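The values are calculated or read from the model by the stated rules, or taken from the named source; none is laboratory data. All figures in this text were calculated on a predicted structure; none of them were measured in a lab. All Cβ positions, even for glycine, are placed from backbone atoms using ideal geometry, and neighbour counts span all protein chains on display. The protein model used for the area step is the full one, side chains on, heavy atoms only, and it has no ligands, DNA or RNA in it. Shrake-Rupley method; radii C 1.70, N 1.55, O 1.52, S 1.80 Å.
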Amino acid sequence: MGTKCKIAVLGSPAVGKSALVVRFLTKRFIWEYDPTLEFTYPCSCQVDDEPVAMEILDTAGQVESNQTNFEGTVRWADAFILVFSVTDRHTFKQISILKNQIDEIKRSKNVSCVIIGNKIDLEHQRQVGTAEAERMAADCATAYFETSACDGSPEIDEAFHEVYREVKRRRYLDSRGGRRRSSAQQVRHVLNNFLTKIHT
Ligand SMILES: Nc1nc2c(ncn2[C@@H]2O[C@H](COP(=O)(O)OP(=O)(O)OP(=O)(O)O)[C@@H](O)[C@H]2O)c(=O)[nH]1
């Protein structure tokens, strides 16, 4: 069965979200999709020899324009893959806006997230350089991957695996935070008992 992890793939229309999800799931490239469709795919995979049960939500491109739907998607997901096309600067600019919206809805700056610059096979149409994208990803404190869903670069698997590792790291830190809180509560409890005994 494996550890569960819900991943939402977000980004502007036509950046290749569906193509990346399909490539990750089937290792194949399919040229055309219905842009209005939104699917959740179950997927069992191994990340660092650990079985993981992923649920991957491939959002329709206009999801951000439907605020209720968008908020529901963000609340649902444990992690996010934010996709832009290196051939379209406008889609790149949307990424930091999207990241801020996610942080606001999750009320956290520690959201598990990776960024993908897709369509690197169209090098002659490139509008966003690697260094510039890496700087933006560093500002968002996320890993950055460049991919071609068309050519099937190994970075596609790596991006899905890395976002799961992020989830795992955050869950570990949260559980340690939880334990710290409970041991602080224990100390308070012992102290209260002690003080009660002194005063009686
Ligand atoms: N050359 C090239 N074309 C790609 C790549 N990825 C996707 N495409 C093409 O780009 C177009 C959009 O791809 P989709 O996967 O439908 O993009 P999307 O982001 O899911 O689009 P929406 O569902 O509208 O949000 C399709 O014609 C794909 O064949 C890529 O890596 N390289």
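Filtering region 4-15 down to residues that are within 8 Å of the ligand (Cβ to nearest atom) and out of contact with any Lys or Arg (no Cβ under 6 Å at 6 or more places or on another chain), which residue is nearest to Phe145 (Cα to Cα)?
Ranking the candidates gives Val15 first.
Within the group Ser96, Ser112, Ser148, Ser108, which residue is more than 10 Å from the ligand (Cβ to nearest atom), within 18 Å of Val15 (Cα to Cα) and within 19 Å of the chain's Cα centre (by Cα)?
Every option except Ser96 fails the conditions.
Please work out if Met1 is farther than 18 Å from Val163 by Cα, away from the ligand (no atom under 15 Å from the Cβ) and either surrounded by fewer than 13 Cβ atoms within 10 Å (Cβ to Cβ) or modelled with pLDDT of 85 or more (or both).
yes
Look through region 85-101, keep the residues that are buried (at least 22 other Cβ atoms within 10 Å of the Cβ) and of a type in the set (A, V, I, L, M, F, W, C), and return whichever of them is nearest to Asp139 (Cα to Cα).
Among those that are buried (at least 22 other Cβ atoms within 10 Å of the Cβ) and of a type in the set (A, V, I, L, M, F, W, C), it is Ile95.
For the structure I just gave you, tell me whether Ala19 is at pLDDT 90 or above, open to solvent by 80 Å² or more (accessible area, probe 1.4 Å) and near the ligand (Cβ under 10 Å from one of its atoms).
The answer is no for Ala19.
Failed condition for Phe29, given (1) part of a loop (DSSP other than H, G, I, E, B); (2) open to solvent by less than 70 Å² (accessible area, probe 1.4 Å); (3) at pLDDT 75 or above, with all others met?
For Phe29, the failing item is (3).
Cys140 passes all but one of (1) at pLDDT 95 or above; (2) closer than 27 Å to Gln67 by Cβ; which number fails?
Among (1) at pLDDT 95 or above; (2) closer than 27 Å to Gln67 by Cβ, Cys140 violates only (1).
Being modelled with pLDDT of 90 or more and more than 16 Å from Thr147 (Cβ to Cβ) is the requirement here; does Asn100 meet it?
yes
Looking at region 143-176, which of its residues are of a type in the set (S, T, N, Q) and free of Cβ contacts under 8 Å to residues at least 60 places away in the same chain? It would help to see each step written out before you state the result.
Of the residues in region 143-176, the ones of a type in the set (S, T, N, Q) are 147-148, 153, 175.
Selection gives Ser148, Ser153, Ser175.
Would you confirm, using the coordinates I've provided, whether Asp88 is modelled with pLDDT of 95 or more, more than 24 Å from Arg169 (Cβ to Cβ) and either within 16 Å of the ligand (Cβ to nearest atom) or touching a Ser or Thr at 6+ places or on another chain (Cβ under 7 Å) (or both)?
For Asp88, the condition - modelled with pLDDT of 95 or more, more than 24 Å from Arg169 (Cβ to Cβ) and either within 16 Å of the ligand (Cβ to nearest atom) or touching a Ser or Thr at 6+ places or on another chain (Cβ under 7 Å) (or both) - is met.
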